[in-house]
Structures are given as structure tokens and as C-alpha cells.
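Here's the structure, in C-alpha cells; my notes come after.
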Amino acid sequence: MDSVIRDKILAQPAVILDDQDVMRALIEANDRALGSNIVDLRGVAMKRLEDQLDRLEDTHRSVIAAAYENLTGTNQRGPIKFIARCWNYWHPPISMNS
């Protein structure tokens with residue numbers, strides 16, 4: 001390994017750890033190096049955790065979108081009620097009794 005790259009990795013290991021693609025490649029390389037007779041469950045566990053995280057992120061997006069739609073729907077009711085009150089004030093209903 002090039003000493004410049006190695007020094008950069010050692011100076012900022014979080015850069016590598018935060019990159020999912022790089023971490024996946026490192027784990028897959030480690031699994032290949034172990035051979036076909038040895039199964040490392042860390043890679044399997046990481047894949048399952050990634051899948052769970054993806055599902056959780058999808059759920060989170062759906063919940064946020066639903067909350068936003070609910071909030072915007074609620075905020076629109078106020079102006080509509082105000083307009084209806086103004087309309088009724090300026091255009092009162094005609095009474096048939098008078």
C-alpha cells in the first residue's frame with residue numbers, strides 16, 4: 001500500500017468507516033481471504049443490519065411525508081373557515097320568514 005494513502009487512512013479512519021461501499025468491499029475482501037471453508041458471520045450480520053436500516057429509513061420517510069400532508073391539510077382548514085365566515089358576513093342567508 002502506498003505510504004501516503006496509508007498515512008491518510010491512519011490520520012482519518014472515520015472517513016473509511018463512514019463509507020458503506022468501502023466497508024462492504026473490505027468485508028467482502030476479508031471473506032474471500034478466509035477461504036470457502038470459513039464463514040464470517042460479521043458480513044452476514046452487517047448485510048442484515050443494512051437491510052433493516054434501509055427499511056427503517058423508508059418507514060421514516062413515509063411517516064414524515066404523512067405528517068407533512070396532515071399538517072398542510074390542517075393549516076388549510078383555518079383559511080377556508082375564515083373565508084367562509086367572511087362570505088357569510090357579507091352574504092347572509094336569505095330568511096324566508098320575513
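All of the numbers you see were taken from the coordinates with simple rules; none came from a lab. On a predicted model such as this, the values are computed, not experimentally measured, just so you know. Glycine gets a Cβ as well: all are built from the backbone with ideal geometry, and neighbour counts include every protein chain shown.
Rounded to the nearest 20 debye, what is the charge dipole size of segment 1-61 about its Cα centre when +1 sits on each Lys and Arg Cβ and -1 on each Asp and Glu Cβ?
For this selection, approximately 160 debye.
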**Study point:** For Cα Rg over 2.2 N^0.38 Å, calculated from these coordinates, the label among [x] 0.94; [y] 2.39; [z] 1.60
**Key:** [y]
Practice item. Go through W90, A14, I80 and say which Cα lies farthest out towards the positive end of the charge dipole of the chain; charges sit on Cβ, +1 for Lys and Arg, -1 for Asp and Glu. Key: W90
Check your understanding: Based on DSSP H runs of at least 4 residues, each adding -39500 (n - 2.57), what is the mean residue ellipticity at 222 nm of the chain after dividing by all its residues, to the nearest 500 deg cm²/dmol?
Key -> -27500 deg cm²/dmol
Study note, to complete from the structure: When the charge dipole of the chain is computed with +1 at the Cβ of Lys and Arg and -1 at the Cβ of Asp and Glu, the Cα pointing farthest to the positive end, of M23, V63, L49, is that of V63
